[in-house]
Each structure stands twice: as C-alpha cells, then as structure tokens.
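The values are calculated or read from the model by the stated rules, or taken from the named source; none is laboratory data. What you are looking at is a predicted structure, and each value in this text was computed from that prediction instead of being measured. Positions of Cβ are backbone-derived with ideal geometry, glycine not excepted, and every protein chain shown enters the neighbour counts.
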Amino acid sequence: MGLVQQARRLTGPQQERLLAHVATTRTPARDTVLVLLSYKCGLRAIEMGAVRWRMVWTVEGAVADELVLENTATKGGKAGRRIALVPALQAALATLAAIDRPRDGDAFVARFRKDSRDRHVRADTVRELFRGWYQALGFAGCSSHSGRRSFGTTLARSVHLVGGSIVDVQQVLGHAHLATTLRYVDGDRERQHALVQLL
C-alpha cells in the first residue's frame with residue numbers, strides 16, 4: 001500500500017505571500033481571517049466554516065483571547081477545544097466584525113453570501129477557496145490542510161520552550177490519538193544531525 005501524500009507545509013515567507021494575496025481578493029477581511037484560522041489555530045476546513053462569533057467574543061462583544069471551538073464545530077462533533085488567538089488574528093477578527101456587523105454571537109464568522117449570516121459554510125467551499133489561492137501563487141501540493149500541518153509542526157518543534165509536551169500539541173489540534181498528531185509533524189535532517197551531535 002502506498003503512502004498517502006500529505007498537504008505541503010508553507011514556510012513563514014510563503015505564509016506572508018498568501019496573506020498578501022488574500023488582501024487583494026474581493027473579500028479580504030474574511031479571507032484573511034480564514035488563512036489565520038488555518039495557520040494560527042490549525043483548524044480543519046469544516047471547522048473554519050463552522051466558527052460562530054460567540055466562539056471568539058467575550059461576553060462584552062469584544063474579540064477574546066482564545067477561540068472556544070464548540071463540539072458542534074468540530075470534525076464529527078467530537079469534543080471541542082480552546083485555542084489561544086494570536087494578536088494578528090484578533091485584529092483580523094475585529095476588522096471583519098466592523099465590516100460584517102454580525103447581529104449576534106450565533107452568526108457565522110465566514111460568510112460567502114450576504115444572506116448567509118445563519119448558514120454553515122460547507123467544508124468543500126473552504127477547500128476550493130484555498131485551492132484557488134494556492135494555484136494563483138503556484139504553491140503545488142498545498143490544500144486547506146497545509147495550514148493545519150504547518151501549525152502542528154511549528155507547535156511540536158516549539159512546545160519544549162514553554163515546558164509542554166507533544167500531548168499539548170495533540171490537544172490543541174483536537175486529535176483523539178497521539179499517533180495522528182505525530183503524522184502531522186515533519187522531521188528535519190539538519191535538526192536530527194544537530195541532535196545527535198549533542199551526545
């Protein structure tokens with residue numbers, strides 16, 4: 001049985017190119033939020049389309065410090081999770097809220113039509129959007145999962161800096177099994193060589 005090809009990860013500069021590209025679309029505020037939900041929260045396509053404003057707002061209606069992903073928004077309706085929001089994503093959400101003016105916290109963050117405030121965006125719609133962006137940039141081998149893989153690998157390589165473990169990465173990604181998390185993390189020959197030299 002052959003190996004399943006995984007989505008290609010993007011480097012930091014490539015992520016910046018992607019953000020610069022979506023800033024030129026017809027809906028730059030929404031598209032920027034989607035890219036950041038992928039690369040800075042590690043959300044799946046189905047989860048990006050299911051985020052509601054109440055999941056990113058405080059009770060006062062300001063952008064919160066974390067995303068509270070409810071069970072209803074996760075793959076298969078499994079256990080939800082909490083993911084810290086980086087300042088760039090907080091700012092992007094504030095910009096989108098000012099443009100979209102959601103009526104209440106039940107409205108979906110990612111809308112694709114003016115009348116779709118209460119309609120869940122299908123995962124296929126999100127996947128197609130990312131596919132078009134990657135094609136426009138010439139990023140072969142990328143998919144809507146590229147952000148999730150980039151996020152997972154970055155967390156796994158940095159978790160020791162905060163005294164955490166790979167289990168923390170597993171929980172942030174929402175994986176039921178640690179083996180799934182390990183498949184997300186790419187090895188690096190230079191790092192492996194440097195690691196052995198420590199012996």
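Brief remarks on what is shown
- Beta carbons closer than 7 Å, at least 6 apart along the sequence or on distinct chains, pair a first residue in segment 40-62 that is touching a residue at least 24 places away in the same chain (Cβ under 8 Å) with a second that is assigned to a loop (DSSP other than H, G, I, E, B) and polar (S, T, N, Q) for Ala45/Ser144; Glu47/Thr74.
- Here Arg17 passes the criteria (1) within 14 Å of Ala92 (Cβ to Cβ); (2) out of contact with any Phe, Trp or Tyr (no Cβ under 7 Å at 6 or more places or on another chain); (3) in a helix (DSSP H, G or I); (4) not hydrophobic (A, V, I, L, M, F, W, C) except the one numbered (1).
- Every residue from segment 5-14 that is farther than 13 Å from Trp133 by Cβ, in contact (Cβ under 8 Å) with a residue 24 or more places away in the chain and not in a loop (DSSP other than H, G, I, E, B): none
- Any chance Ser144 is modelled with pLDDT of 85 or more, within 14 Å of Cys41 (Cα to Cα), of a type in the set (Ser, Thr, Tyr) and not in a helix (DSSP H, G or I): yes
- Test: residue in segment 112-125 that is more than 27 Å from Arg9 (Cα to Cα), in a helix (DSSP H, G or I) and either more than 17 Å from the chain's Cα centre (by Cα) or without any contact (Cβ under 8 Å) to a residue 40 or more places away in the chain (or both): no
- Residue check, Ala98 modelled with pLDDT of 85 or more, aliphatic (A, V, I, L, M), surrounded by 13 or more Cβ atoms within 10 Å (Cβ to Cβ) and under 19 Å from Arg30 (Cβ atoms): no
- Every condition in (1) in contact (Cβ under 8 Å) with a residue 60 or more places away in the chain; (2) surrounded by fewer than 21 Cβ atoms within 10 Å (Cβ to Cβ) holds for Gly152 except the one numbered (2).
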